[in-house]
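Reviewing the structure listed below.
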Amino acid sequence: MIKEFVSNIPLIDEPMLIIEAGILSHELHLINEGVGLIDAVIIHAVRKNQLQLWTLDKKSER
């Protein structure tokens, strides 16, 4: 069941994604809004690859 679920998740192979997310976080002052680096990575990956993000976290609506 888990393997089925994971097989439906898009894989992203972007070695610079974390660096780009760090720059985005700095430029948008995300840390001041309580958005950590891992959240910035997820947000950046979603935006860059035009993916859908399902979350209950209100910080990601920006």
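Points 7 angstrom from Cα along the Cβ direction at Arg47 and Phe5: gap in nanometres?
According to this spin-label approximation, the distance is 2.8 nm.
With a 10 Å cut-off between alpha carbons and a GNM built on the chain, which of Leu37, Leu51, Leu17 moves the most?
Highest fluctuation of the listed residues: Leu51.
Below 15 angstrom from the Cβ of Glu20, what's the summed charge of the other residues (Lys, Arg +1; Asp, Glu -1)?
Working: positive: Arg47, Lys48; negative: Asp13, Glu14, Glu27, Asp39.
Net of charged neighbours comes to -2.
So how compact is the chain: Cα radius of gyration and Dmax in angstrom?
12.8, 40
Can you run phi through the Karplus equation (6.51, -1.76, 1.60; θ = phi - 60°) for the range 8-17 and list ³J(HN,Hα) in whole Hz, with x for Gly and Pro?
8, 8, x, 9, 10, 10, 9, x, 8, 4
Given an 8 Å cut-off on Cα distances and at least 6 residues of separation, report the relative contact order of the chain as a percent.
Values: 28 pairs, mean separation 17.1, N = 62.
Rounded, it is 28 percent for the chain.
A short reminder: the numbers here are calculations on the coordinates, not readings from a lab. Every value quoted in this text rests on a predicted model; they were computed, and no experiment measured them. Don't worry about glycine lacking a Cβ; one is built from the backbone with ideal geometry, like all the others, and counts go over all protein chains shown.
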